[in-house]
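The values are calculated or read from the model by the stated rules, or taken from the named source; none is laboratory data. Since the structure is predicted, the reported quantities are computational estimates derived from the model, not experimental observations. When we count neighbours, we look across all protein chains shown, and the Cβ atoms used for this are built from the backbone with ideal geometry, even at glycine.
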Amino acid sequence: MPDGTLARTEVVVTDGVTIGRPCCGVPQCKNPLENNHHRFCSVDPDHKKLETTCAIEGCNCPVTRDSKSGKYRKACDDPVHVKMEGANVESLCSGKSKTQCQKVAKLDNAMSSLDPPQLPADLTVALPIQDGDEWYKHDAQTGAVCLVRPAVMTSTGVLDTQPEMSHPAVDCESKDTPPKLKAIFRRQRTNNEQLVVRPCGVINGHGTMYHHETVSNVLIMIEQLYSLPRARKPQHLIYDSNCNALREVLNQCIKFFDGMGMCIDAFHHKNKHKASDTFCRDRCDMKAYPELLDDNGKYYFNSSIAKQTNVWFGAFHNICREMTPASIPITHT
Ligand SMILES: [Zn+2]
Ligand SMILES: [Zn+2]
Ligand SMILES: [Zn+2]
């Protein structure tokens, strides 16, 4: 310490990597799929029934057979729903999984060119677009149905990067436009894996984020991990969304995090968080904690370790993207 005394400081770093695997299409359902061709699990009878129910949100009609091929459709015989399925099939044929390929390629590139501790400027990767992120437009006059895709999403989980202004054009439009038509035609995937890593590179634990990586889920995972018998709670948690996580801790009065430093990796803090956010600057800057600095005021441990580990971990995505959860070999410590 700067005053010459000795102190023990334990730090863990957490970050998410987009390495999704097939999962049940019902939000938050953690049951495994009976096989990877299914969209819904068979464990819950209500979920299993959805395999033979029209894929369009809000429609409970049974699926029908295609008159030409004789195969079962994923939609009922409502002409609009049939057109929606057609638009979805068309989008698959036109390289729908492009985002996923780009992401894997990006991780592979990062893997081959990475020279630790020099990390690529931004390892935030694009998430694959899922059925829940897109919707269908039906023109009642022409009868045409088209698929609308959202802008590419990222996994930072930091609110600062979102646009501040609301979009008046969208607000006006929403008064006259019919509700968005949504459907689950494709098999859904888990959102990402969240790794908790020591600065030396040892992985302390991980958690699967079934939908978006939310700070509340990350906090629950950290609390559960370090509440296990003989687990030692670290003094510092480094996480890219820690300003939001700390706000949540204070709002919800989560006692577990009392006395724990919640900083943001120095590089991320400087480049991805607003300097005008005084709460973020005062509470989440590593420079505010002398125990994280050496005699020269520099960081003496690697706060980018989770990102570096995720680059290594992400390279397994091609191997395990079609695996069932029981097959994915991840070691818990
Ligand atoms: Zn299910
Ligand atoms: Zn239907
Ligand atoms: Zn911040």
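Determine, yes or no, whether residue 261 is at pLDDT below 90 and either touching a helix residue (DSSP H, G or I) at 6+ places or on another chain (Cβ under 9 Å) or within 20 Å of residue 18 (Cα to Cα) (or both).
no
Do you know which residues across the stretch 303-318 are assigned to a loop (DSSP other than H, G, I, E, B) and crowded, with 20+ Cβ neighbours inside 10 Å?
Hits for the stretch 303-318 are 303, 304.
Of the numbered conditions (1) in a helix (DSSP H, G or I); (2) within 31 Å of the chain's Cα centre (by Cα), residue 80 fails exactly one; give the number of that condition.
For residue 80, the failing item is (2).
Just one of the numbered conditions (1) away from ligand 2 (no atom under 13 Å from the Cβ); (2) under 19 Å from residue 88 (Cα atoms) is not true of residue 59; which one?
Answer for residue 59: the failing condition is (1).
Picking from 333, 309, which residue would you name as being within 22 Å of the chain's Cα centre (by Cα) and modelled with pLDDT under 90?
Sole residue among the options that is within 22 Å of the chain's Cα centre (by Cα) and modelled with pLDDT under 90: 309.
Mind checking whether some residue in the stretch 201-218 is over 18 Å from residue 18 (Cα atoms) and in a loop (DSSP other than H, G, I, E, B)?
yes
Just one of 295, 258 is more than 16 Å from ligand 3 (Cβ to nearest atom) and within 26 Å of residue 232 (Cα to Cα); which is it?
258 is the lone residue from the list that is more than 16 Å from ligand 3 (Cβ to nearest atom) and within 26 Å of residue 232 (Cα to Cα).
Of all residues in the stretch 8-45, which are in contact with a strand residue (DSSP E or B) (Cβ under 8 Å, 6 or more places away or on another chain), within 30 Å of residue 200 (Cβ to Cβ) and assigned to a loop (DSSP other than H, G, I, E, B)?
9, 10, 18, 19, 20, 21 - these are the residues of the stretch 8-45 that are in contact with a strand residue (DSSP E or B) (Cβ under 8 Å, 6 or more places away or on another chain), within 30 Å of residue 200 (Cβ to Cβ) and assigned to a loop (DSSP other than H, G, I, E, B).
Identify the residue in the stretch 1-44 that is closer than 30 Å to residue 303 by Cα and of a type in the set (Lys, Arg) and, among all such residues, is nearest to ligand 3 (Cβ to nearest atom).
Per the criteria, the residue is 8.
State yes or no: is residue 59 under 23 Å from residue 147 (Cα atoms) and near ligand 1 (Cβ under 9 Å from one of its atoms)?
Taking the combined requirement at face value, the residue does not satisfy it.
Quick one: which residue in 173, 193, 213 is closer than 30 Å to residue 139 by Cβ, acidic (Asp, Glu) and modelled with pLDDT under 90?
Of the residues listed, the single one that is closer than 30 Å to residue 139 by Cβ, acidic (Asp, Glu) and modelled with pLDDT under 90 is 173.
Quick check on the stretch 240-276: of everything there that is within 20 Å of residue 299 (Cα to Cα) and basic (Lys, Arg), which residue is surrounded by the fewest Cβ atoms within 10 Å (Cβ to Cβ)?
By that ranking, first place goes to 270.
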